[in-house]
1. What is the calculated FRET efficiency for Phe24 to Leu58, with r their C-beta to C-beta distance and R₀ = 22 Å, to the nearest 0.05?
2. Which whole-Hz couplings ³J(HN,Hα) result when phi for each residue of region 36-50 is put into the Karplus expression 6.51 cos²θ - 1.76 cosθ + 1.60, θ = phi - 60°, listed in order with x for Gly and Pro?
3. Once R0 is set to 25 Å, what does the formula 1/(1 + (r/R0)^6) return for the Cβ-Cβ distance between Ile14 and Thr36, expressed as a FRET efficiency to the nearest 0.05?
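FYI, it's all coordinate maths here, none of it is from the lab. Nothing here was measured: the structure is a model prediction, and the numbers come from that model. Don't worry about glycine lacking a Cβ; one is built from the backbone with ideal geometry, like all the others, and counts go over all protein chains shown.
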Amino acid sequence: MAHSEHNRPKGSGIILIAIGILIFIFAPGYFKQDITGGLAVIILGFVLGGIGFYISFLKKRT
């Protein structure tokens, strides 16, 4: 179809990056209570932000 790129949803990577940023903002509160849980939240923020970065910027180049 000629307009198949037009019908694809866009912006899902930006949403994941924003969620990763929000996790980093709220992670210090968890880190003070439980070191292991805080570290898991920080790693989750890195993973979600990395996936969002890949979807938004790197996937378009290939």
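1. On the way: r = 21 Å, r/R0 = 0.93.
So, using R0 = 22 Å, E works out to roughly 0.60.
2. Computed from phi, the couplings for region 36-50 are 5, x, x, 5, 5, 5, 5, 5, 4, x, 4, 5, 5, x, x Hz.
3. Details: r = 30 Å, r/R0 = 1.21.
Here the calculated transfer efficiency is 0.25.
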